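Enquirer: Before we start, here is the structure in question, set down as structure tokens.
The values are calculated or read from the model by the stated rules, or taken from the named source; none is laboratory data. These figures come from a predicted structure and were not determined experimentally. Every residue, glycine among them, receives a Cβ derived from its backbone with ideal geometry; neighbour counts consider all protein chains shown. Note: accessible area is taken over every heavy atom of the protein model, side chains too, but ligands, DNA and RNA are not part of it. Shrake-Rupley method; radii C 1.70, N 1.55, O 1.52, S 1.80 Å.
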Amino acid sequence: MLLRVRRGWEIPESRVTPEPLYWNRRRLLGAMGTVPALAASPALAASPALAMGVRRVQPAVPESDIAADRYPAARNPRYRLDRPLTDRELATTYNNFYEFGSYKQIWKAAQELKLRPWTVTIDGLVERERVLDAEDLIRRMPLEERVYRLRCVEAWSIAVPWTGFPLRALVELARPLSGAKYLRMETFLDPDMAPGQRASWYPWPYVEGLTLAEATHELAFIATGIYGRPLPRQNGAPLRLAVPWKYGFKSIKSIVRFTFTADRPDTFWSTIAPQEYGFWANVNPEVPHPRWSQRDERPLGRSGRVPTLLFNGYGEFVAGLYEGLADEPLFM
Ligand SMILES: Nc1nc2c(c(=O)[nH]1)N[C@H]1C(S)=C(S)[C@@H](COP(=O)(O)O)O[C@H]1N2
Ligand SMILES: [Mo]
């Protein structure tokens, strides 16, 4: 049978890191001597278990308190999973958020993310540019819960209940002009707060983009919460994108700006490694990454691998978006 089962060690972490500067980073870590200390987080410094030096304590992962009274929201039953939910513990302590470091345990460093004030700018080709307070924006949106899968290009995956609102609701609020063809999204820029942003070889701030057809597709979601509570900082508080048919790097975290443009925006990863990460980044098990196969994936918390699905299993929803675009590199 065609199903190939692989073991975790067959794809070493050094090969699945989505950037070509692995050795630079190793050199830098060596120069720094240590990885960032737990004591950097006031919330953790106060933990008696850590003060006593107890190892392997269950981290009490703090969540944000933005519009906390709006949670939990009713689950939208339209979106279903083919697998169990990932444990909250895992999905909130194994993350990619390069602003806080290029290792998976950035959740500690990410507690430095200051959520108030947080403004969201809507600009570019819109009827009227505006700056909104993130909490006000979240409060005026219709919150719902959706269980979605997320497939990282590095071949690990999670299945989580996001709370949030359709990106289309934000596009409608923005009233784009007819010349708008793309939506560009940008993460905060604050190297004092986010140590990863002091790494000058990255093109900060993190930028992602969608076509307007993608951005107004029913699946495109702005997550403001997870597991029935506001997002923890490490998962992209106060608001982040969730586009489950695309590789995880499209789902940009901690957004401060939505810009409507006529031209396709340059994105963070496609600027760093254009031969490896493209604009479209739709999941396809048949199209390998230049350095590894995308045929299967490792769901966090489960032993063994499962087959990766075309459009991450969302083909019935999204395949129509790409008709007539066969010449585009849709799957990288
Ligand atoms: N701003 C920002 N957004 C980001 C990233 C990042 O490094 N910075 N990493 C991306 C990648 S590669 C993945 S897989 C997902 C991970 O989301 P999670 O940590 O909530 O599972 O966030 C994406 N959004
Ligand atoms: Mo990723």
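Enquirer: Exactly which GluC sites (Glu not before Pro) in segment 112-171 are in a DSSP loop and have at most 11 other Cβ atoms within 10 Å?
Expert: When the GluC sites (Glu not before Pro) of segment 112-171 are filtered for loop state and at most 11 Cβ neighbours within 10 Å, GLU127 remain.
Enquirer: I would also like to ask the following. Spin-label point model (7 Å from Cα, Cβ direction): what's the ARG75 to VAL287 distance in nm?
Expert: Placing both labels 7 Å along Cα→Cβ, they lie 3.2 nm apart.
Enquirer: Based on the Cβ-Cβ distance from ASP82 to SER178, what FRET efficiency comes out when R0 is 30 Å, to the nearest 0.05?
Expert: Efficiency, rounded to the nearest 0.05: 0.15.
Enquirer: Also: Rank ASP192, ASP123, ASP87 by accessible area, highest first, at a 1.4 Å probe radius?
Expert: ASP192, ASP87, ASP123
Enquirer: Ok, one more. Please go through the residue pairs LYS114/LYS250; LYS114/LYS253; LYS108/LYS246 and name each one whose alpha carbons sit more than 18 Å apart in this structure.
Expert: LYS114/LYS250; LYS108/LYS246
Enquirer: What is the distance, in nm, between label points placed 7 Å from the Cα along the Cα-to-Cβ direction at ALA319 and at GLU218?
Expert: The answer from the label model is 1.7 nm.
Enquirer: Tell me, what HN-Hα J-couplings in whole Hz come from the Karplus equation 6.51 cos²θ - 1.76 cosθ + 1.60 at θ = phi - 60° for each residue of segment 284-299, using x for Gly and Pro?
Expert: Whole-Hz 3J(HN,Hα) from phi for segment 284-299: 8, x, 7, 10, x, 5, x, 10, 6, 6, 10, 5, 9, 8, 10, x.
Enquirer: Also, quick follow-up: Heavy atoms only, 1.4 Å probe, whole protein assembly: order ASP190, ASP327, ASP69 by accessible area, highest first.
Expert: So, going from the largest accessible area down, we get ASP327, ASP69, ASP190.
Enquirer: Now for a different question. Enumerate the calculated ³J(HN,Hα) couplings along segment 304-309 in order (Karplus 6.51 cos²θ - 1.76 cosθ + 1.60, θ = phi - 60°), each rounded to whole Hz, writing x wherever the residue is Gly or Pro.
Expert: Each residue of segment 304-309 in turn: x, 10, 10, x, 7, 9 Hz.
Enquirer: Heavy-atom accessible area of MET185 with all protein chains present, probe 1.4 Å, nearest 10 Å²?
Expert: Estimated to the nearest 10 Å², MET185 gives 0 Å².
Enquirer: With θ set to phi - 60° and the Karplus curve 6.51 cos²θ - 1.76 cosθ + 1.60, what are the ³J(HN,Hα) couplings of segment 122-127 in order, to the nearest whole Hz, using x for Gly and Pro?
Expert: 10, 8, x, 7, 10, 4
Enquirer: Can you put LYS253, LYS246, LYS108 in order of accessible area, largest first, using a 1.4 Å probe?
Expert: LYS108, LYS253, LYS246
Enquirer: Could I ask something else about it? Local charge sum around MET185 (other residues, Cβ-Cβ under 11 Å, Lys/Arg +1, Asp/Glu -1)?
Expert: Overall, the nearby charge balance is +3.
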